[in-house]
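Read-outs throughout are calculated quantities, based only on the coordinates presented, and are distinct from any laboratory measurement. This structure is a prediction, so every number in the text was calculated from the model and none was measured. All Cβ positions, even for glycine, are placed from backbone atoms using ideal geometry, and neighbour counts span all protein chains on display.
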Amino acid sequence: MFHNRLNILPFNRGISREDLAKRAQVLKIEELSIPESAKQIILKSGITELYPPQEEAIHAGALEGKNLILASPTASGKTLIAELCALKNVLEKDGKVLYLTPLRALASEKYEEFKKYTTIRKKSGRKISVGISTGDYDSSDPWLERYDIIITTNEKADSLLRHRARWMNEISVIVADEVHLLNDAKRGPTLEVVLARLMQVNPDAQLLALSATVKNAEEAAEWLKAGFVTTEWRPVVLKEGVLLQNEVHFKDGGALKIEKPTRNPAVNLAVHIVKSGGQALIFAGTRRNSVSLAKKAATGIKSVLSKPMKRSLTRIAGQVRASGERTRISELLAELIQQGTAFHHAGLSGAHRRVIEGAFREGKVKVLTATPTLAFGVNLPARMVVIHDYRRYEPGYGFYPIAVLEYKQMAGRAGRPRYDKIGEALLVAKTEDERDYLMESYVLAEPERIWSKLAVERILRSHVLATIAADFAHTEQGIYDFFGKTFYAYQYDPKAIKGVITRILKFLFEENMIEVSGENVYATRFGRRVSELYIDPVSAVMIRDALFSRAPRLTEISFLHMIARTPDMFPKLRPYSTEIDDLALFVDEHREEFMFEVPDEWIDRIDYEEFLGEAKLAQVSNAWIEEMTEDETIERFRVQPGDLYRLVGTVRWLLYASHELARLFGHKDLLPRVAELMERIKKGVKAELLPLIRLEGIGRVRARMLYGSGLKTIEDIKKVPLEKLTSLPLIGPKLAKKIKEQIGGFVKSREWKKLKKGKEWEQQALTEYSRKSE
Ligand code: ADP
């Protein structure tokens, strides 16, 4: 194994002299004070000794139950420490472990990693069990109680705390992954509140916070009453530098000239690395750039691909074409994959992203261009990382240079442990001045401090309500006390947050979400439900008022626009200037259907344009339930599949919340309507397809096909002979049998055999397509 012990840079106070002396001897897995059964599984996975940061963590008391922040680069083995603590706790103390991640994809990744331990038996004789829960924010998931190790997202953990899931009080080890995200305006506050609450509920639990290397790990550690280990150690040596035209300048003063097969230096660098047997990951600032770079790279790469590799890539391209609906994006992606490159951004469907990630990990896709979201998501290392754009564009704000922390996250993806001896991360400069600037501001720079982003009224609102509604505090002082324990209060003056909280309490009181009786503060039924539904109190007020006042003419548009207007509908859609006229027309035509007054175009221009954006969201969700194809959605609205799925997910959640609020306020007449709309949004169909789509294995494409073939009801399908069913496009014998069986039909074995034989060839071609498109 390649151990680079010289690369330990104790650039802050985290590592003492004694610690360094201890490191002369490598700590072996066999020597750890964890149960033998756990050691065996770890050894079997090929790990025999600890990496230096891991050793540090052990010396700092990780296995003695100490709270700890482990701030160390990606792939330096932080997860293993979490695994060791979790296993020790479960096996020796029959404890319960909660593992928090910021993203669903990361939760699944961790779940897969922990699954390897489920063969180990606990003292009770039962095997270790691992559970995962990332969806449905309106549930306490009592079923999770039976698991020893529970993996969730931060948001899910927040919602579980609001539901006061009983098992949460039994947690004895809390692992918080990627805690540097405390600095993130969007995701940080939830993580911060969840950690503060968990510490309140389980003061004796061990807290293990895993982080990228940050400047003030010590400060975060003090807040968490934890020790800390900070290293810049990596399993693969990282060479950082800047590319200017065809010359690379490294941090250590070295330089390298590369060939210029194309006019794009970043692409030339990628070709250079592919020719020497490696892979490159190019980070672009925007989706559009990621696509254009992938196209440029393809021309340079395709000539270096071997014949068997090309065949392999053709197969992967086929997988892309067969997953989900075909769109111009999936077509382009498939074409590029055939040439050894791919792009990866949030506009792609999850299925396509997974295919690309797999193909890159297997070394088949040679050059992957990606937007920065990849740097914060799944683990996809490459021998070379090129950071093509160090500026980002924010609408209304303009271009700004990224943080060093972000640069480090991207650069840190360079070097595949166990495969590469060296990883290279390069920024791209256009001039010598820029090269010097990049060298100084990124390559040689230390990552910034992390700062709490909690004290924003919009964000705090729902956390203040939850504090009262879930019984974490009963008095105004109790609420201040709780927020006085957050990282924000630790970093800034607690008084700074007090003013915001007071304003929020006033709002919650005026909107009837809380009641005050003497010193005490209680949540009303409305307040409690809003907290459980995990929506912004402002959204709840908008929905409540809209449901009472109603539109003159209630249609799907009324409800879809109502939720599009809430602050929980995020991201908002900005209409393109070319769409403004069409949207204005749409708003005019549907004026009677809106639950809210349309702002005056001439008096409130800004409000009016915002309204048009909400109308666009309603239009897109309406197009989805009117069965517009994904490709048409891209063409008509410039909304890509990844965005569409996220949008649909948020619409579902907010429709559910609206349904629950309609129930709470006694709008019985609205319940069936909203429920039907929810189901249509879930599947993307007109109401007439709902009976068909409830069948397992039938998605919107097949349901429409069945309907179009005259099979409009379950009764129709019951009556139709099996043979006729299989003669329809997209219905193989297996699926036909499954359909028949679901509706209570019985398939004779002779009939089945005959069919199966005749249809085998066809089925093979269709199975992939059908499985994925459903
Ligand atoms: P981090 O959580 O710091 O990003 P990971 O825990 O994902 O890093 O570790 C990266 C890879 O290194 C994993 O594949 C893991 O199995 C491997 N690994 C971890 N510790 C060791 C070790 N001591 N020896 C060899 N491989 C290790």
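Using a/c under 1.5 as the rounded threshold, could you call segment 329-433 rounded, prolate or oblate? The axes a ≥ b ≥ c are square roots of the C-alpha gyration tensor eigenvalues, and prolate needs a/b larger than b/c, oblate otherwise.
Working: a/c = 1.82, a/b = 1.23, b/c = 1.49.
Here segment 329-433 falls in the oblate category.
For Glu155, Glu679, Glu30, what's the fewest-to-most ordering of other Cβ within 10 Å of each Cβ?
Working: Glu155 20, Glu679 17, Glu30 11.
With the sparsest Cβ surroundings first, the list reads Glu30, Glu679, Glu155.
Taking neighbour counts of Cβ atoms within 10 Å as a proxy for exposure, in what order, fewest first, do Thr314, Thr213 appear?
Listing Thr314, Thr213 from fewest to most nearby Cβ atoms yields Thr314, Thr213.
I need the GluC sites (Glu not before Pro) found in segment 337-409, filtered to DSSP loop residues with at most 12 other beta carbons within 10 Å of theirs. Numbers along the way, then the final one.
Details: sites: Glu357, Glu362, Glu406; in loops: Glu362.
Answer in residue order: Glu362.
Between beta-carbons, use under 12 Å as the cut-off and find the net charge around Ser303, counting Lys and Arg +1, Asp and Glu -1.
Result for the neighbourhood of Ser303: +4.
In straight Cα distance, which aspartates and glutamates are under 19 Å from Lys28, not counting same-chain residues fewer than 8 positions off?
Glu18, Asp19, Glu36, Glu49, Glu55, Glu56, Glu64, Glu83
Between their Cα atoms, which of Lys275/Lys296; Lys302/Lys408; Lys44/Lys123 are more than 24 Å away from each other?
Lys302/Lys408
As a test of the formula, what do you get for the chain when each DSSP H run with n ≥ 4 contributes -39,500 (n - 2.57) and the sum is divided by the residue count, at 222 nm and rounded to the nearest 500 deg cm²/dmol?
Value at 222 nm, helices only: -14500 deg cm²/dmol.
Taking every Cα atom in segment 295-353, find the radius of gyration and the maximum pairwise distance Dmax, and write them in Å.
Rg, Dmax (Cα atoms, Å): 11.2, 31.
At q = 0.07, 0.08, 0.11 Å⁻¹, what base-10 log of I(q)/I(0) does the Debye formula yield for the chain when every alpha carbon is treated as an equal point scatterer in vacuo?
With no solvent term, the Cα-only Debye profile gives -0.59, -0.79, -1.46.
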